[in-house]
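Student: Here you go, one structure.
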Amino acid sequence: MTIAGTYEVDDIVRFERRGSGVRASVETLHTYDLTVIAADVDGVVAAAGGWLCDRVRAGWQVTVLVPAGHDVTALTILGVRAAAVDSVADALRGHTPAAIAVDARVLSRDDRARRAVLRLVDGTRTEVTVWGESALFGSDARFGRVAHRLSAAAQAFKARAVATTGKVGPLHPAVEQFLSAALWYPPDGTDLAPAPEQ
């Protein structure tokens, strides 16, 4: 004989769930959060918009840090959050996301931001991805060339986001290219796959 218990909805108690995340550390579990450091809205949408859209669709919390005063409508179309910042290094202080992506132009212009990102790479606890040309990260053996194949939905959202920026250019490829130090994601479980040799 099986006895089933019944419970009123009011009997259910909310509790803080601490058991989900991408990587366990001694102190806490990281959530699926990606912090993106952009030089401008147009650049991040064109170079990484499809990947960011697909990460949001996969359940990631994606926040794009942009200089104050930028129109963030295109980022909203991709489903990401936008935050205006005056100092990237200050925004990263005390914050260790599961993953970070950064425009190589920011790294070449901002010494403090570059040092903050290098600290994350050295700490080996954060996936670090760079788009654009970067001599520093391009020559770092911890980074490899990777690519993300955009889903059909990401291609559609990215096309709409690019149109919102007012930039006219060539058709947007279905694959976006990056340099990445994906420090713990298994090759069969990541959305960034090794790029073919050129």
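Derivation of every value follows stated rules applied to the coordinates shown; laboratory data play no part. Fair warning: this is a prediction, and the values are worked out from it, not measured in the lab. Using ideal geometry, Cβ is built from the backbone for each residue, glycine included, and neighbour counts are taken over all protein chains shown.
Student: Would you compute, for the Cα atoms of region 28-191, the largest minus smallest coordinate along each principal axis and list the three values in descending order, in whole Å?
Tutor: Between the extreme Cα coordinates on each principal axis of region 28-191 lie 38, 38, 33 Å.
Student: Now for a separate question. Order the peptides 35-45, 101-111 from the highest to the lowest mean number of other Cβ atoms within 10 Å of their residues.
Tutor: So the peptides 35-45, 101-111, ranked by packing, come out 35-45, 101-111.
Student: Still on this structure, I have one more. Taking the Cα centre of region 28-191 as origin, sum charge times position over the Cβ atoms of Lys and Arg (+1) and Asp and Glu (-1), and report the length of that vector in debye to the nearest 20.
Tutor: That gives a dipole near 80 debye.
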